[in-house]
Amino acid sequence: MTDPNHPEERIELLADIAEMYFMEGKNQSQIADLVGMTRSNISRLLKEARESGVVKIQINRSINSNPALAQQLVERFNLIDARIIDIDHLNQLLPKLGQVASKELLKRLKPRSILGTAWGTAISATVDQLEKTSSIPNLTVVQMLGALGAHIKEYDGHAIVRRLEDKLDAYGIYFNAPFFVEDEKMAKVIMDSKSYEEPMQLTQEADVALLGVGSIEIDHSSYYLAGYLSQEEIFSIRERGAVGDVCAQFFNEQGKLIDHDFQKRMLGIPASILKRIPIRIGVAGGLAKVMPIIGALKGGFINILISDSATAVEVLKRTQD
């Protein structure tokens, strides 16, 4: 007899009830009669199945693309490609961008590819939308930027690589160091170590990079929100003309790297190596990312853009001759 208090048997019970309800189309009263429970018990168990992750509900809305805007961006910034989508509600932004970016990523990966990635909400949203597959043999995923830390674990660099390993049946190479240290001397010690050498060596062989585009605005800066940079440091970087970053490489509106002490304490892929990766997919949307995207495009940090129509219109408007 099933023991509903035993963890494994509890999960089986939840799965059985969920299958009858969601897949076989039985109503709660019918299920209650079949398993010998009350209807209210069935209702509570279905709720538990959703909350525990036994049942995952995914709603697939159609995505409306805007190829005309995409083509304008490709021509203006000499891109490999662009994917621009229409967004009706702001809460759809990251899931929709992730959905499009995940398909673009799978299209670009080949057997024995090396995929470099960092961390961030847009990258995390892309990984969320990847369907688990083992169709890309001998794929390696390498972390290109030190770990952000415990403040926002769901899109920290280590977690991103681990999730990509699982989704793509890949081999992960981790960068076991923080992305930011107290002084330049400490950064140099780590850069001379094995923990830095292996991932950085692999990034030089990477075929594809999955990248976010960061903002330098207080309300949108992951570095500030995670507690790595103070408000004063953010203001100091902005005073040098920075509008955004890719892989913690801060640049101005023209895409030129800024000279700041922060860059000397950052542990990750140098801009010169990043730009040599053949395919650099940048995922970013929302009006707060307009200037960062402009800098990233002008500086050649990304050559495939995944974004939304409202953002794309502003990018094109602000870069008219």
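Test ALA310 against the criterion of being assigned by TED's automatic domain parsing to the domain that holds LEU79, modelled with pLDDT under 95, of a type in the set (Gly, Ala, Ser) and surrounded by fewer than 24 Cβ atoms within 10 Å (Cβ to Cβ), and give yes or no. No: the conditions fail for ALA310. Looking at the range 241-321, the helices (runs of 4 or more DSSP H) lying wholly inside it that each contain 2 or more residues that are hydroxyl-bearing (Ser, Thr, Tyr) sit at 309-318.
Quick check on VAL142: is it in the same structural domain as GLN231 (by TED's automatic domain parsing), closer than 25 Å to ILE237 by Cβ, touching a residue at least 12 places away in the same chain (Cβ under 8 Å) and out of contact with any Phe, Trp or Tyr (no Cβ under 6 Å at 6 or more places or on another chain)?
Values: in the same structural domain as GLN231 (by TED's automatic domain parsing): yes; closer than 25 Å to ILE237 by Cβ: no; touching a residue at least 12 places away in the same chain (Cβ under 8 Å): yes; out of contact with any Phe, Trp or Tyr (no Cβ under 6 Å at 6 or more places or on another chain): yes.
No: the conditions fail for VAL142.
Test GLU205 against the criterion of being in a loop (DSSP other than H, G, I, E, B) and within 16 Å of PRO270 (Cα to Cα), and give yes or no. Yes; evaluated as a whole, the condition is true for this residue. In the list ASP128, ASP88, which residue meets the criterion of being surrounded by fewer than 20 Cβ atoms within 10 Å (Cβ to Cβ) and either modelled with pLDDT of 95 or more or not in a helix (DSSP H, G or I) (or both)? The unique qualifying residue is ASP88. Number of residues in the range 105-124 that are outside any loop (DSSP other than H, G, I, E, B) and buried (at least 22 other Cβ atoms within 10 Å of the Cβ): the value is 7.
If the condition is being assigned to a helix (DSSP H, G or I), in contact (Cβ under 8 Å) with a residue 60 or more places away in the chain and of a type outside the set (D, E, K, R), then the range 50-85 contributes LEU69, ALA70, GLN72, LEU73, PHE77.
The residue of the range 264-286 that is surrounded by the fewest Cβ atoms within 10 Å (Cβ to Cβ), among those that are modelled with pLDDT under 90 and under 15 Å from MET144 (Cβ atoms), is PRO270.
Within the range 24-42, the set of residues being touching a residue at least 12 places away in the same chain (Cβ under 8 Å) and of a type in the set (Val, Ile, Thr) comprises ILE31, VAL35, ILE42. Contact annotation: residue pairs with Cβ atoms under 6 Å, 6 or more positions apart or on different chains, pairing a residue in the range 259-284 that is among the basic types (Lys, Arg) with a partner that is assigned to a loop (DSSP other than H, G, I, E, B), are ARG265/VAL181; LYS275/GLY300; ARG280/ILE302; ARG280/ASN303.
The values are calculated or read from the model by the stated rules, or taken from the named source; none is laboratory data. In this text the structure is predicted, and so the values were computed from the model without any measurement. So basically every Cβ, Gly included, is an ideal-geometry build from the backbone, and we count neighbours across all protein chains shown.
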